[in-house]
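Working notes for the structure below.
The values are calculated or read from the model by the stated rules, or taken from the named source; none is laboratory data. Note that the coordinates shown come from a computational prediction; the quantities given were computed from them, not determined experimentally. All Cβ positions, even for glycine, are placed from backbone atoms using ideal geometry, and neighbour counts span all protein chains on display. With ligands, DNA and RNA removed, areas are computed over all heavy atoms of the protein, side chains included. Shrake-Rupley method; radii C 1.70, N 1.55, O 1.52, S 1.80 Å.
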Protein chains: 2
Amino acid sequence: MLNRSAFIAGNSGKWRVLSVSPVRGQPLDFASHIEVTSAENSARGASEVWRLEGQISNLRYATRGELKALRSKQEPLGRPQARYAAMIPIRKSASWWDLAQDERRTIFEETSQHTAIGLKYLPDIARQLYHCRDLGQPFDFITWFEYAPEHAQAFEELVTSLRATHEWQFVEREVDIRLELQP
Amino acid sequence: MLNRSAFIAGNSGKWRVLSVSPVRGQPLDFASHIEVTSAENSARGASEVWRLEGQISNLRYATRGELKALRSKQEPLGRPQARYAAMIPIRKSASWWDLAQDERRTIFEETSQHTAIGLKYLPDIARQLYHCRDLGQPFDFITWFEYAPEHAQAFEELVTSLRATHEWQFVEREVDIRLELQP
């Protein structure tokens, strides 16, 4: 059985919210903190502003060669120096989901170099993708990034590059939440 | 928002159970009927023996060419002549889910001809795939098939062909439930 994660925005939590910026579509309400926990164990708190859930799942596009390259360079979440995080929930359009697998793969990598762009910033920017669409959530994915303060500029380059791709034209809702680990 | 389906085994329902056969791994308990309904609306009934949930999602392997071929021949569930159904929940092994997308695609279609085999039996055997893995369910998928009694032999050929493929070697749990529409 897999473990679903809950991202709970409220007035307490491990991560202090620096900003909540709507990038495209409907925003999310501001809350001062976000806690990431297991969806199974987390009762709804009195201060809960919103909650999103996501599930780590199998990769949908990466080839074996890309997977090898990623795994040789990537580092896990939770590194002590990674005091900054970004939580970016996105929803893609119906026209994206109506594409066949080969068409999505071509846009994702051959055209937009989604994996190649992320790879450039490894191991500095750690990254975890959570799938939400099949859970009936308001977003299709949540990507969670963690990095040390000295890589903040590199992170801006990374998100700017991703938003400039053909793939990103299929994004119909995106919110960009920046976080700092509580001291 | 997508709609999750619930498959509820109990002592009432639209479909009368003819047989529940464990094909691989742990069986499911026998119940006389199965009802297929929306997971959101269905309260747990007193007679419920088990319940599985699944979500119709985007296709994970089909190319545009395959999708065109499927859509030009397939018919929907619910045809009045399709009085027989089969519900086949399966779970694949961790080694399947650890494969990269290109490796899974190669086994699914280039080696095992999963889509090509199904296509041979269209439009007689209608088919709907439900995804369960990311929902934390005990199975990864439920495939629901519907056909008229005169195509029962064709259906046996179809499932025999699929179970003989390389892809099926990754199946670690499978239950085969045969059903007849209540008169």
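How many of the residues in the stretch B:57-116 are aromatic (Phe, Trp, Tyr) and more than 26 Å from B:Ser5 (Cβ to Cβ)?
The qualifying residues number 0.
Could you list, in sequence order, all residues of the stretch A:117-140 that are open to solvent by less than 30 Å² (accessible area, probe 1.4 Å), closer than 28 Å to B:Ser5 by Cα, out of contact with any Cys (no Cβ under 9 Å at 6 or more places or on another chain) and in a loop (DSSP other than H, G, I, E, B)?
A:Cys132, A:Gly136
Among (1) within 14 Å of chain A (Cβ to nearest Cβ); (2) surrounded by 17 or more Cβ atoms within 10 Å (Cβ to Cβ); (3) touching a residue at least 24 places away in the same chain (Cβ under 8 Å); (4) in contact with a Leu (Cβ under 9 Å, 6 or more places away or on another chain), there is one condition B:Gln101 misses while meeting the rest; what is its number?
Result: B:Gln101 passes all but (3).
Looking at the stretch B:59-80, I want the residues that are more than 7 Å from chain A (Cβ to nearest Cβ) and have a partner that is open to solvent by 40 Å² or more (accessible area, probe 1.4 Å) and in a loop (DSSP other than H, G, I, E, B) with Cβ atoms under 8 Å, at least 6 apart or on another chain. Which pairs are those?
B:Lys73/B:Pro123; B:Gln74/B:Pro123; B:Glu75/B:Pro123
In the list A:Phe155, A:Phe145, which residue meets the criterion of being assigned to a strand (DSSP E or B), farther than 30 Å from B:Glu109 by Cβ and open to solvent by less than 60 Å² (accessible area, probe 1.4 Å)?
After ruling out the rest, the residue left standing is A:Phe145.
Looking at A:Ile88, is it open to solvent by less than 50 Å² (accessible area, probe 1.4 Å) and assigned to a helix (DSSP H, G or I)?
no
Return only the number of the condition from (1) within 19 Å of the chain's Cα centre (by Cα); (2) open to solvent by 40 Å² or more (accessible area, probe 1.4 Å); (3) touching a residue at least 12 places away in the same chain (Cβ under 8 Å) that B:Ile34 does not satisfy.
With (1) within 19 Å of the chain's Cα centre (by Cα); (2) open to solvent by 40 Å² or more (accessible area, probe 1.4 Å); (3) touching a residue at least 12 places away in the same chain (Cβ under 8 Å) applied to B:Ile34, the lone miss is (2).
Can you tell me which residue is least open to solvent (accessible area, probe 1.4 Å) among those in the stretch A:1-21 that are within 14 Å of another protein chain (Cβ to nearest Cβ) and assigned to a strand (DSSP E or B)?
Of everything passing the filter in the stretch A:1-21, A:Ala6 is least open to solvent (accessible area, probe 1.4 Å).
Would you tally the residues in the stretch A:104-113 being in contact (Cβ under 8 Å) with a residue 24 or more places away in the chain, open to solvent by 30 Å² or more (accessible area, probe 1.4 Å), more than 9 Å from every other protein chain (Cβ to nearest Cβ) and not in a loop (DSSP other than H, G, I, E, B)?
Adding up the residues that qualify gives 1.
Of all residues in the stretch A:58-73, count the ones that are of a type outside the set (Phe, Trp, Tyr) and buried (at least 16 other Cβ atoms within 10 Å of the Cβ).
8
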